[in-house]
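Below is one structure, written out as structure tokens; the observations come after it.
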Amino acid sequence: MPTIIYIVIAIVAIAIIWIIAVYNGLITLKTRTQEALSDIDVQLKRRYDLIPNLVETVKGYMTHEAGVLTKVTEARNMAMGAKSMDEKSRAEDALSGTLKSLFAVSENYPDLKASTNFLQLQDELSDTENKIQAARRFYNGNARDFNIKILIFPNNMIANMLKFSKFDFFETKEEEKENVQVKF
């Protein structure tokens, strides 16, 4: 009789240890994913801080391009105010598009292209864009690991009981997946 009690106690202890291990693993992955999302926000903040300096630098040279500068400022404000992942992703894509058009228009202004301030800001923005992409890839990797962990059996039972939910991925929009046509 005492051996049966020991076996039952051992089984209960193993089950409790397993539940604790699964829970701690889920919390660790969730925290890493949230940290990765925060890293994206840090890089976006850096970009938001660079844009007013860029607009001020460009403003003196591009007197006839006020519409482009207005669009950049509006896109920046929309991106800063975005709440959901989807809304933020769309706003960031719009901001990137307006920055590309600003740099394209700047090609018409040789004095601006020669400005060391402009070139430095352009380099910093380019570096920041690369860091944003790297942070998004890092986030997507963490989100993938977390999502897998909450979906596999038997972890999914614990995850469902504790109301863990999947993280969304940053994805490329359909129009960005189209082939680029190069014409000479």
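The values are calculated or read from the model by the stated rules, or taken from the named source; none is laboratory data. The structure presented is a predicted model; accordingly, all values stated were derived computationally and were not measured. Cβ sites come from the backbone with ideal geometry, for glycine too, and all protein chains shown count toward neighbours.
A search for C-beta distances below 7 Å between a residue of the range 137-164 that is free of Cβ contacts under 8 Å to residues at least 40 places away in the same chain and any residue that is surrounded by fewer than 17 Cβ atoms within 10 Å (Cβ to Cβ) and outside any helix (DSSP H, G or I), counting only pairs 6+ apart in sequence or on different chains, returns 140/169; 147/166. Of all residues in the range 1-41, those that are free of Cβ contacts under 8 Å to residues at least 40 places away in the same chain, β-branched (Val, Ile, Thr) and surrounded by 12 or more Cβ atoms within 10 Å (Cβ to Cβ) total 3. Only one of these conditions is not met by residue 142: (1) farther than 30 Å from residue 27 by Cα; (2) within 14 Å of the chain's Cα centre (by Cα). Which number is it? Answer for residue 142: the failing condition is (1).
Residues are listed down the side, and each one gets a yes or a no for (1) in contact with an Asp or Glu (Cβ under 8 Å, 6 or more places away or on another chain); (2) modelled with pLDDT under 80:
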| residue | (1), (2) |
| --- | --- |
| 14 | no, no |
| 18 | no, no |
| 25 | no, no |
| 29 | yes, no |
| 60 | no, yes |
| 63 | no, yes |
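Listed conditions (1) free of Cβ contacts under 8 Å to residues at least 24 places away in the same chain; (2) in contact with a Ser or Thr (Cβ under 7 Å, 6 or more places away or on another chain) are all met by residue 107, apart from (2). Apart from one condition, residue 104 fits all of (1) under 23 Å from residue 170 (Cα atoms); (2) at pLDDT below 85; the exception is (1).
Just for the range 138-168: of the residues that are among the polar types (S, T, N, Q) and part of a helix (DSSP H, G or I), which one is farthest from residue 19 (Cα to Cα)? Across the range 138-168, the extreme among qualifying residues is 140.
Reported count of residues in the range 68-101, each being farther than 25 Å from residue 168 by Cα and either hydroxyl-bearing (Ser, Thr, Tyr) or under 13 Å from the mean Cα position of the chain (by Cα) (or both), is 4.
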